[in-house]
1. Among 43, 5, 80, 32, which is the only one that is under 24 Å from the mean Cα position of the chain (by Cα) and either modelled with pLDDT under 95 or small (Gly, Ala, Ser) (or both)?
2. Within the stretch 97-119, does at least one residue satisfy the condition of being farther than 30 Å from residue 143 by Cα, surrounded by 10 or more Cβ atoms within 10 Å (Cβ to Cβ) and either out of contact with any helix residue (DSSP H, G or I) (no Cβ under 8 Å at 6 or more places or on another chain) or in the same structural domain as residue 143 (by TED's automatic domain parsing) (or both)?
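The values are calculated or read from the model by the stated rules, or taken from the named source; none is laboratory data. Because the structure is a prediction, the values reported are computed rather than measured. Using ideal geometry, Cβ is built from the backbone for each residue, glycine included, and neighbour counts are taken over all protein chains shown.
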Amino acid sequence: MSSHGQLGERLKSRIENEQNQIVELMRKQHVGLAKSLRKQSYGVLRIMQNDIRLLKRLVLIRWLQALGIGLGIFLGISIGSWGLTQFLAHRITSQLEQIQDMERNLELLRQQGGDIRFNLCGDRICARLDESAPVYTEGYRILR
């Protein structure tokens with residue numbers, strides 16, 4: 001029995017050694033896989049961080065472009081409105097001055113007897129004559 005006992009002990013010892021070797025190999029493989037997974041995870045994390053930075057830059061650029069376009073439109077409309085206002089104000093002022101000149105001329109004409117009323121007499125324009133006024137050269141007379 002002793003040979004069976006020794007054989008059993010050796011077999012048991014060999015099984016324990018193999019199990020220990022398997023456990024050690026599994027541990028090493030597990031450690032290697034964990035390192036590899038960590039390395040890949042850090043690589044993916046760096047890629048994601050770079051992508052996030054790039055996206056932030058792109059968003060900022062697009063936002064600044066939109067802001068620039070909006071500001072350009074606002075300035076264009078503002079400057080155009082100001083220019084139109086100045087142009088119309090100048091025209092209104094000019095027309096008001098013309099009206100004042102015309103009113104002065106009209107008053108001057110009224111003072112000089114220019115308050116004449118014309119009518120249609122048949123197909124011709126006619127006006128009343130001042131019968132008391134003298135006749136001037138070439139048959140001219142003063143109108144009323």
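1. None of the others qualify; the one that does is 80.
2. So in the stretch 97-119, the residues farther than 30 Å from residue 143 by Cα come out as 97.
Then keep just the ones that are surrounded by 10 or more Cβ atoms within 10 Å (Cβ to Cβ); that gives 97.
Then keep just the ones that are either out of contact with any helix residue (DSSP H, G or I) (no Cβ under 8 Å at 6 or more places or on another chain) or in the same structural domain as residue 143 (by TED's automatic domain parsing) (or both); that gives 97.
Yes, some residue in the stretch 97-119 is farther than 30 Å from residue 143 by Cα, surrounded by 10 or more Cβ atoms within 10 Å (Cβ to Cβ) and either out of contact with any helix residue (DSSP H, G or I) (no Cβ under 8 Å at 6 or more places or on another chain) or in the same structural domain as residue 143 (by TED's automatic domain parsing) (or both).
This table checks each residue for (1) of a type in the set (A, V, I, L, M); (2) in contact (Cβ under 8 Å) with a residue 40 or more places away in the chain; (3) surrounded by 10 or more Cβ atoms within 10 Å (Cβ to Cβ).
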position: 5; (1), (2), (3): no, no, no
position: 9; (1), (2), (3): no, no, yes
position: 18; (1), (2), (3): no, no, yes
position: 24; (1), (2), (3): no, no, yes
position: 45; (1), (2), (3): yes, no, yes
position: 54; (1), (2), (3): yes, no, yes
position: 62; (1), (2), (3): no, no, yes
position: 65; (1), (2), (3): no, no, yes
position: 88; (1), (2), (3): yes, no, yes
